[in-house]
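*Asks:* Pasting a structure below so you can have a look.
The values are calculated or read from the model by the stated rules, or taken from the named source; none is laboratory data. From a predicted model like this one, the values you see are computed outputs, not experimental measurements. Neighbour counts are summed over all protein chains in view; Cβ atoms, including those assigned to glycine, are modelled from backbone coordinates with ideal geometry.
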Amino acid sequence: MESVVIKVMFQNVFLNKKILITGDTGFKGSWLAIWLNQLGAEVYGYALPPKNNYDNFVVCNLDKKINHLDGDIRDLEKLNNYFNNVKPDFAFHLAAQPLVLESYKNPHYTFETNILVTVNFFEAVRNTPSVKAAVNITSDKCYQNNEWVWGYRENDPMGGKDPYSASKGCSELVTNSYINSFFKINSHCAIASARAGNVIGGGDWAEDRIVPDFFRSILNQDKIIVRNPDAIRPWQHVLEPLSGYLLLASKLFLNANKFSGGWNFGPTDTSTYKVSELINSIIRFLGKGDVVFSDNPEKPHEANMLKLDISKSNINLNWKPILNFDQLIEFTVNGYVAQVANDNLIDERIKQIDTYCKIAKLINCSWID
């Protein structure tokens with residue numbers, strides 16, 4: 001499917017460029033690969049094989065659309081060789097252990113995957129002169145969470161009580177160290193990190209995530225038990241932070257170290273909602289669903305209140321989220337429904353990117369041309 005509007009944006013910096021994505025078989029990585037492919041980039045992926053046949057990478061047949069190599073990013077030699085063979089212009093690091101509850105079950109794997117592989121990624125970038133811009137994708141949970149009612153800013157302390165959050169805070173510290181130690185002066189590449197909120201959207205089937213768990217319950221005709229119903233999260237559709245990652249990478253490419261450092265890409269301060277509000281809104285839009293809200297005091301610790309301050313991205317990158325909460329629900333539900341109803345899912349994903357870009361054009365987003 002040929003898109004109507006998404007060919008011309010981000011000042012065309014990705015056109016005919018080689019882009020290497022670690023974690024392209026994951027939820028966000030697969031969406032990023034689709035968007036970059038539509039922008040005319042030559043996309044290369046490096047990641048573990050998809051976990052399930054219904055993962056976004058598989059159902060979109062991305063192995064036929066991009067260049068992909070199965071590999072464990074903990075294998076520095078293999079990763080270095082892939083970088084050297086591809087000679088990418090851009091690199092995005094999304095390979096990670098992405099789940100809070102899984103981090104309690106496998107803390108060693110979580111710390112190894114989320115910290116040491118950040119080192120591996122930047123070592124591969126450092127050893128590949130072709131790379132001009134590299135972005136490490138971390139998480140809003142990288143911040144030391146004091147349960148504040150206001151959003152965390154990029155200069156707030158890193159932290160994390162659970163292994164996942166701590167590992168993401170450490171990944172940010174690694175990024176900052178590499179910026180100051182190797183990429184600040186006379187470097188071939190500018191690097192940055194990007195922190196998003198709670199990202200949802202069609203194609204995410206990870207375990208112990210509220211939206212995938214809900215749609216699994218629909219398919220299984222079962223009730224979903226929702227933990228932490230009163231927890232407040234910065235919900236956003238997957239295309240929102242991706243537009244930020246792409247804009248940031250384009251700025252790094254065009255302006256080198258001016259845009260190095262950490263950046264938040266979350267929803268507006270008025271767009272944070274409780275878990276219960278999110279699920280009830282999905283049920284209303286979908287017209288079905290059965291839920292039981294549970295607040296088990298014995299459960300592992302998870303943050304109750306979490307917000308991001310996006311003023312830095314808004315002022316310095318001229319970036320802003322474009323979907324309101326109702327549109328977030330619509331995009332998310334339609335993304336899952338499309339997977340059930342369509343064999344050619346890649347066209348449905350491109351249609352949704354196209355619709356998102358049309359909305360961005362209507363409100364004069366800076367990156368649309």
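*Asks:* Under the condition of being in contact with a strand residue (DSSP E or B) (Cβ under 9 Å, 6 or more places away or on another chain) and of a type in the set (Phe, Trp, Tyr), which residue from the range 320-337 is nearest to Thr355 (Cα to Cα)?
*Replies:* Phe331
*Asks:* Just the residues that are over 30 Å from Lys251 (Cα atoms) and aliphatic (A, V, I, L, M), please, taken from the range 192-237.
*Replies:* Correct list: Ala206, Ile210, Val211, Ile218, Leu219, Ile224, Ile225, Val226, Ala231, Ile232.
*Asks:* Additional query: Among the residues of the range 121-159, write down those that are assigned to a loop (DSSP other than H, G, I, E, B), among the small types (Gly, Ala, Ser) and more than 18 Å from Asp309 (Cβ to Cβ).
*Replies:* Residue satisfying the conditions is Ser130 alone.
*Asks:* Which condition from (1) surrounded by fewer than 22 Cβ atoms within 10 Å (Cβ to Cβ); (2) modelled with pLDDT of 95 or more is the one that Lys168 breaks?
*Replies:* (1)
*Asks:* Taking Gly197 as the residue in question, decide whether it is under 28 Å from Glu102 (Cβ atoms) and within 15 Å of the chain's Cα centre (by Cα).
*Replies:* Answer is yes for this residue.
*Asks:* A follow-up question, please. Give the residues of the range 131-154 that are surrounded by fewer than 18 Cβ atoms within 10 Å (Cβ to Cβ) and in contact (Cβ under 8 Å) with a residue 24 or more places away in the chain, sorted by residue number.
*Replies:* Residues satisfying the conditions are Gln144, Glu147, Trp148, Val149, Trp150, Arg153.
*Asks:* Tell me, please, whether a residue that is touching a residue at least 24 places away in the same chain (Cβ under 8 Å) and of a type in the set (Asp, Glu) can be found in the range 330-341.
*Replies:* Yes, the range 330-341 contains a residue that is touching a residue at least 24 places away in the same chain (Cβ under 8 Å) and of a type in the set (Asp, Glu).
*Asks:* If a residue must be in a helix (DSSP H, G or I) and either surrounded by fewer than 21 Cβ atoms within 10 Å (Cβ to Cβ) or of a type in the set (Gly, Ala, Ser) (or both), how many such residues does the range 315-328 contain?
*Replies:* Of the residues in the range 315-328, 6 are in a helix (DSSP H, G or I) and either surrounded by fewer than 21 Cβ atoms within 10 Å (Cβ to Cβ) or of a type in the set (Gly, Ala, Ser) (or both).
*Asks:* Quick one: would you say Ile191 is among the β-branched types (Val, Ile, Thr), crowded, with 16+ Cβ neighbours inside 10 Å, touching a residue at least 24 places away in the same chain (Cβ under 8 Å) and in a helix (DSSP H, G or I)?
*Replies:* It is false that Ile191 is among the β-branched types (Val, Ile, Thr), crowded, with 16+ Cβ neighbours inside 10 Å, touching a residue at least 24 places away in the same chain (Cβ under 8 Å) and in a helix (DSSP H, G or I).
*Asks:* With a cut-off of at least 2 residues that are within 26 Å of Trp367 (Cα to Cα) and at pLDDT 95 or above, name the strands (runs of 3 or more DSSP E) lying wholly within the range 1-115.
*Replies:* Once the strands (runs of 3 or more DSSP E) in the range 1-115 are filtered for at least 2 residues that are within 26 Å of Trp367 (Cα to Cα) and at pLDDT 95 or above, what remains is 18-22, 42-47, 90-93.
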